[in-house]
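Reviewing the structure listed below.
The values are calculated or read from the model by the stated rules, or taken from the named source; none is laboratory data. Model, not experiment: these values are computed from the prediction. Using ideal geometry, Cβ is built from the backbone for each residue, glycine included, and neighbour counts are taken over all protein chains shown.
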Ligand SMILES: [Fe+2]
């Protein structure tokens, strides 16, 4: 299991990565040889999944080309100095999610959802899958780094 229960009845984080690996093996056992693939949504058609063989949209291709080209160690260090002062804006998580919702992310080829819908959908899917609360929270806030785009950083610099 991905969490354990302490003496107070509270779920606590993992002790080590082996616990996570054990949880994954339990939750997603290898299918028997020859058994058909079982998708999360069995009604989703094969052509609805991302096709990694297909040519990416030019905007997406350019996004990742620039991202890989310019994300150096020195660049990251300079951005840490710039943004870790934490003096740009003070906001709670929900306010940050609403602020992020004003962003249109041209790096995501798979969804036309708003940022807020994407965050809620991700957290909810993780919850529905029965994962622990910390994992749900991670899903809920996983894209908040994109807020840097709203402070003038190009999209490619948020990941
Ligand atoms: Fe995301």
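Just to be sure, is residue 99 outside the structural domain of residue 13 (by TED's automatic domain parsing), more than 30 Å from residue 26 (Cβ to Cβ), assigned to a helix (DSSP H, G or I) and modelled with pLDDT under 85? It is false that residue 99 is outside the structural domain of residue 13 (by TED's automatic domain parsing), more than 30 Å from residue 26 (Cβ to Cβ), assigned to a helix (DSSP H, G or I) and modelled with pLDDT under 85.
Hey, could you check the stretch 97-117 for residues that are over 26 Å from residue 48 (Cα atoms) and touching a helix residue (DSSP H, G or I) at 6+ places or on another chain (Cβ under 6 Å) and say which is nearest to the ligand (Cβ to nearest atom)?
Taking the stretch 97-117 first, the residues over 26 Å from residue 48 (Cα atoms) are 97-100, 102.
This time we only want the ones that are touching a helix residue (DSSP H, G or I) at 6+ places or on another chain (Cβ under 6 Å), so: 97, 100.
On the way: 97: 12, 100: 11 Å.
Checked the stretch 97-117; the qualifying residue nearest to the ligand (Cβ to nearest atom) is 100.
The number of residues in the stretch 1-30 being at pLDDT 65 or above, assigned to a loop (DSSP other than H, G, I, E, B) and surrounded by 10 or more Cβ atoms within 10 Å (Cβ to Cβ) comes to 2. Confirm whether residue 85 is over 22 Å from residue 113 (Cβ atoms) and assigned to a helix (DSSP H, G or I). For residue 85, the condition - over 22 Å from residue 113 (Cβ atoms) and assigned to a helix (DSSP H, G or I) - is not met.
Against the condition assigned by TED's automatic domain parsing to the domain that holds residue 115, in a helix (DSSP H, G or I) and at pLDDT 80 or above, how does residue 60 come out, does it pass? So residue 60 does not fit the description; no.
Each row is one residue, and each column tells you yes or no for (1) farther than 30 Å from residue 24 by Cβ; (2) more than 16 Å from the ligand (Cβ to nearest atom); (3) out of contact with any helix residue (DSSP H, G or I) (no Cβ under 6 Å at 6 or more places or on another chain).
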| residue | (1), (2), (3) |
| --- | --- |
| 70 | yes, yes, yes |
| 87 | yes, yes, yes |
| 92 | yes, yes, yes |
| 95 | yes, yes, yes |
| 119 | no, no, no |
| 140 | no, no, no |
| 147 | yes, no, no |
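Could you tell me whether the stretch 128-136 includes any residue that is within 16 Å of the ligand (Cβ to nearest atom) and either part of a helix (DSSP H, G or I) or in contact with a strand residue (DSSP E or B) (Cβ under 7 Å, 6 or more places away or on another chain) (or both)? Looking through the stretch 128-136, at least one residue is within 16 Å of the ligand (Cβ to nearest atom) and either part of a helix (DSSP H, G or I) or in contact with a strand residue (DSSP E or B) (Cβ under 7 Å, 6 or more places away or on another chain) (or both).
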